[in-house]
Structure formats: C-alpha cells, structure tokens
Amino acid sequence: MRIVKVPLGQRSYQIRIGAGLLPTLGRECARLGLGARCAVISDSNVAPLYAERARESLSEAGFAPLLITFAAGEQSKNPRSVQLCYDELAAHRLERGSFIVALGGGVVGDLAGFAAATYLRGVALVQAPTTLLAAVDSSVGGKVGVNLKVGKNLVGAFYQPRLVLCDLDTLRTLPDREYRAGLAEIIKYGIIYDAALFRMLERQMRPLLGRDRKTLARVVARCCEIKADVVQQDERESGLRAILNFGHTIGHALEAISHYGKYLHGEAISIGQVAAARISSEILGLPKQQVERIASLLRQAGLPCEARLTASQREQLLSAMALDKKVTAGEVKFVLAKRIGTVEFGKKVPGDLLARTLGGGKKLRWQDAAGILASGEARTRCISAGSVTSEQRSQAPKEQGRLPP
Ligand SMILES: NC(=O)c1ccc[n+]([C@@H]2O[C@H](COP(=O)([O-])OP(=O)(O)OC[C@H]3O[C@@H](n4cnc5c(N)ncnc54)[C@H](O)[C@@H]3O)[C@@H](O)[C@H]2O)c1
C-alpha cells in the first residue's frame, strides 16, 4: 500500500492507495475517531458492486451505516439530489459527529462531498473513489459541488475529506472507456508538473492500459502527490491551483456544447489539452515535437485528440467558455505549457489564434469572442490573473517519491 499525505494543518489527511483496501474502511474510520452513525452514498452502478463490502467493514468496526444510492451519471449531480441526501440523513438522525462515505466516481464524490460540507454545517467526509478519474483527481483536494441547469459545478464548497481510501481492485470493473478517460487526467499531471512522469507514461502505457496493479499503484500515487503538492500551496485556487485546469477551458466548453452527451470529461479534456499544447507552442514556444508527443501519448491511451467543429459550433464553443468559472473581466485565461513538465497560468490568448487552433474556415475575431464573453451570465466567480509560474512552483519544497526518469 502507498500512503500520500495532504498536509493542510488541522485539515491534513492521508490518501491510502492499494489493492484490497475497501475491507479496511471501518478500521480506518475508527482510527480517525469518527462518530457511530454514518451514511455511504453511492450510485446505481457502484452500490451493487461495492456497497455491501463497505457496509460490512463499517459494521464490523462498530459503525451503523445507512446506504443512499442515486441513479448513476452526471444528471444526478444536482441540488435536488443533495436535498434527497439531507432528507435521508435527517430521517436517520445523523448528527454533527456522524460521517459520510462517498463510494463511487467523481459524480458521487462531488455530490456526497457537498452534502457532507453543508449538512449540519459540515460532517466528516471519507472519499472512497472507484474510478480512475476520482482516484487521481476529484477525491483529492476538497472541491465538492453540484451542477445548475446553466452550468457545471456552479454551486459548491472547498471541503477536505478526512481520508481518501483508494482500493485499486475496484478499478477492475470500470468500463474501458471510463478507464481511458481517467488516463487523460494522469497525462495532464505529467504535462503540468512532472516530465519524468510523462516519460514514464510513454514507456508504460501498455501495462497501464492493462490495469497492471503495480504500475497503477505507482502512477496513481504520483498523481496524488502532485495534486497534494499543488493543493497544499493553493488550497482555494487563488493562483497556482489553476494549473490543474490545463486543457479544461476548451474541454469544459466542448462538454457543454455537446450537452454532456458526446464526450466523457476525460475525452473532452484530451482534446482540450492538445488544443492548449498547440496554443502553447505559439505563445510560450512549446517545441512542436513536444506538442506531438502530447498528442501521441493521448492517442496511445485511446483518447480523442481533436473535435471537428462547424463555424457555428466554434461560436458556441466560445460562448460556452464565457460561462467557465475561470473567466475574469470577460477574458478567458489559459494554462499553457512552456515545455512538458512546466506550465504558466493566467495567459491571454488572442482570439484569432484560438479560432485557428479550433480549426475550420471562418475566422472568429477576438472582438467577437470578447462580445460573447462579456455577455456571459453564469460568471459566478473569478480568479485573479495569477502570476505564479511553474518556475516559482518548482522552488517550493517537494513531497518525496518522485518517479525515476
Ligand atoms: N472535485 C474535483 O476536484 C473534480 C475533479 C475532476 C472531475 N470532477 C467531477 O467528476 C465527475 C466525473 O467523474 P467520473 O469520471 O468518475 O464519473 P462518474 O462518477 O459518473 O463515473 C463514471 C461511470 O462509471 C461508473 N462506475 C464508477 N466506478 C465504477 C466501478 N468501479 N466499476 C464499474 N462502474 C463504475 C459510474 O456509475 C458511472 O456510470 C464530473 O462531475 C466532474 O465534474 C470533480
């Protein structure tokens, strides 16, 4: 088993990664001194596979677990589901000392996490991720929330779990397409932070696709270390944490204009990362050969690298970017790579370059884009145009356990 620490003072916690960990859930919760009542929140795919194991482990450790299950899928990640959670939690008299276990992928983690952050002004949360994406990304770092009709993740909180328990055995039942989508986030960590990880992925993609346990444990742990390192330095995304959004500005917009139906999140951000790499080449001088390595690794992982868009779809894409939470004063800021392993955030991208990168005939002028952006209604939150570069980041103390080149 590997343990990654997320050092956040009193809110510090462990990420425990390994095979066969679900049966240790109860013991670990007892070790943390969590209260007797608890709820396991899961979805309709995951609960039949793993809820019993989780409940058994909790019961054996003396807890009284309640199971709350939602229909699987992004459409369940909404305020109505949270309300249903509150009703169940209250009906079963969960108290301030009680806790919630989020057993599932990112949808369950975000939804159950938001319920935990707000029920009785906050009860303890344990994340038990069962997708690759949740293991390396959504279960770590404390972002929880739900979608509104106008956009994704528009209601939420920063709320750190008390423990992340990542049982790699649960990834065995994950559908192939979902598994590959998780690889997009893993590749992202190599691009934004760790060239050695990127090289290792180039060499080890085959065993990784084969879900080889050892490779998986090593890679998941390294990604969690990177996320922990970033979150430790900028928990509330006032600067550095924005680097985790590499490829997400275009990716999120692509998901939105296809009504979250065509692409999985990882697939959309795979396309977004290739676009961001091309833009990086123009603005920060990312060598063309590295752009090709990025595209090639994503392709090797079975992920799409581009979306064919009509002129009207490209306009829709820009409108959707206007609704992105990371819009400041009508300007979309990008995370761009200088080279693999080093990125900068808060970078302005000229509209014509963006339009060219998104491909196709008719050029969109940035003024058009700016007009679209200025009319964005769902701009609920801004980040400052941070100037912390990854050079500054790399001077910060590092967690141990880097992968060998
Ligand atoms: N909070 C964050 O920091 C953060 C970061 C990235 C993404 N997210 C959010 O995560 C969500 C996407 O998460 P996801 O990709 O895990 O999707 P998901 O939770 O919808 O899971 C994908 C599918 O796999 C199924 N599944 C999950 N585990 C399984 C298993 N072990 N075996 C078989 N089937 C299984 C689920 O039922 C679902 O159908 C999005 O809502 C996104 O906004 C949050």
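The values are calculated or read from the model by the stated rules, or taken from the named source; none is laboratory data. Treat the numbers as computed from the prediction; the structure is a model and nothing was measured. Reconstructed Cβ throughout: ideal geometry from the backbone, glycine too, with neighbour counts over all protein chains shown.
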*asked:* Checking the structure you have, find out if any residue of the range 274-285 is assigned to a loop (DSSP other than H, G, I, E, B) and either β-branched (Val, Ile, Thr) or in contact with a Leu (Cβ under 6 Å, 6 or more places away or on another chain) (or both).
replied: yes
*asked:* Cβ-Cβ distance below 7 Å, separation of 6 or more or different chains: which pairs start in the range 72-96 with a residue that is within 16 Å of the ligand (Cβ to nearest atom) and end on one that is assigned to a loop (DSSP other than H, G, I, E, B)?
replied: ALA72/SER44; ALA72/ASN45; GLU74/TYR260
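To keep it simple, each residue is scored yes or no on (1) farther than 25 Å from GLU28 by Cβ; (2) touching a strand residue (DSSP E or B) at 6+ places or on another chain (Cβ under 7 Å); (3) outside the structural domain of THR249 (by TED's automatic domain parsing).
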| site | (1), (2), (3) |
| --- | --- |
| ASN147 | yes, yes, yes |
| ASN153 | yes, yes, yes |
| ALA157 | no, yes, yes |
| PRO161 | no, yes, yes |
| LEU165 | no, yes, yes |
| THR170 | no, no, yes |
| LEU183 | yes, no, no |
| ILE187 | yes, no, no |
| GLY190 | yes, no, no |
_When you scan the range 60-72, do you find a residue that is of a type in the set (Gly, Ala, Ser), out of contact with any Lys or Arg (no Cβ under 9 Å at 6 or more places or on another chain) and within 28 Å of LYS152 (Cβ to Cβ), even just one?_
yes
*Unmet requirement for VAL164, which otherwise passes all of (1) closer than 22 Å to ALA181 by Cβ; (2) surrounded by fewer than 23 Cβ atoms within 10 Å (Cβ to Cβ); (3) more than 9 Å from the ligand (Cβ to nearest atom)*: (2)
*Of the residues that sit in the range 99-133 and are in a helix (DSSP H, G or I) and free of Cβ contacts under 8 Å to residues at least 40 places away in the same chain, which one is surrounded by the most Cβ atoms within 10 Å (Cβ to Cβ)?*
GLY109
*Quick one: ILE3 ticks every box in (1) in a strand (DSSP E or B); (2) surrounded by 15 or more Cβ atoms within 10 Å (Cβ to Cβ) bar one, so which box is it?*
(2)
*Top-ranked residue in the range 109-134 [being farther than 17 Å from ARG11 by Cα and touching a Lys or Arg at 6+ places or on another chain (Cβ under 9 Å); ranked as nearest to the ligand (Cβ to nearest atom)]*: ASP110
*Does ARG172 count as of a type outside the set (Asp, Glu) and more than 9 Å from the ligand (Cβ to nearest atom)?*
no
*For the range 308-339, enumerate the residues that are buried (at least 20 other Cβ atoms within 10 Å of the Cβ), at pLDDT below 90 and outside any helix (DSSP H, G or I).*
LEU323, ASP324, LYS326, VAL327, VAL332, LYS333
*Could you grab the pairs with beta carbons closer than 8 Å, sequence gap of 6+ or different chains, first residue in the range 39-52 and among the charged types (D, E, K, R), second one part of a strand (DSSP E or B)?*
ASP43/THR69; ASP43/PHE70; ASP43/GLY104
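A quick yes/no check of all residues on (1) in a loop (DSSP other than H, G, I, E, B); (2) under 15 Å from the mean Cα position of the chain (by Cα); (3) buried (at least 22 other Cβ atoms within 10 Å of the Cβ):
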position	(1), (2), (3)
ASP169	no, no, no
MET200	no, no, no
GLU225	no, yes, yes
VAL231	no, yes, yes
GLU255	no, yes, yes
TYR260	yes, no, no
*Is it the case that VAL108 is in contact with an Asp or Glu (Cβ under 9 Å, 6 or more places away or on another chain), at pLDDT 95 or above and at negative phi?*
yes
*Determine which single condition ASP137 fails, assuming it passes every other condition in (1) in a loop (DSSP other than H, G, I, E, B); (2) near the ligand (Cβ under 9 Å from one of its atoms).*
(1)
_Residue list for the range 208-223, filter: surrounded by fewer than 23 Cβ atoms within 10 Å (Cβ to Cβ) and either under 16 Å from SER270 (Cβ atoms) or among the charged types (D, E, K, R) (or both)_ = LEU208, LEU209, ARG211, ASP212, ARG213, LYS214, ARG218
*Given the residues ASN147, ASN153, which is the only one that is near the ligand (Cβ under 7 Å from one of its atoms) and closer than 15 Å to ARG80 by Cα?*
ASN153
